[in-house]
Amino acid sequence: MVQDQIEGAAQQVVGKVQDASGALTGDGAIQAEGKAHQAFGNLQQSYGQTVDNVRLAIASQPIQGVLIAAAVSFVLGALWNRDR
């Protein structure tokens, strides 16, 4: 989703600023927090791109989308019932 990609990019920018300010001031906690923001932003941006790719694949090939959804549902149901 585009929103996730935008938010992920913003998180990366915030993380880079925190990382740089932590490095300048010698504050390792702020620097580590900045690196965490960067990693989370990268993950969120990748998630958004993956969601977009899946939507495009399903829109262009709806039968495969239905088969994928059925397979995921079957696996989740099997995992859910295995613990009971």
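Computed quantities for the displayed model
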| quantity | calculated |
| --- | --- |
| Number of positions in the stretch 11-64 that are of a type outside the set (S, T, Y) and touching a residue at least 40 places away in the same chain (Cβ under 8 Å) | 6 |
| Residue that is farthest from V2 (Cα to Cα) [pool: residues in the stretch 17-76 that are of a type in the set (F, W, Y) and touching a helix residue (DSSP H, G or I) at 6+ places or on another chain (Cβ under 6 Å)] | F40 |
| The stretch 37-84, subset closer than 22 Å to A10 by Cβ and of a type in the set (S, T, N, Q), residue modelled with the highest pLDDT | Q38 |
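The values are calculated or read from the model by the stated rules, or taken from the named source; none is laboratory data. This is a predicted model, so every value here is computed, not measured. When we count neighbours, we look across all protein chains shown, and the Cβ atoms used for this are built from the backbone with ideal geometry, even at glycine.
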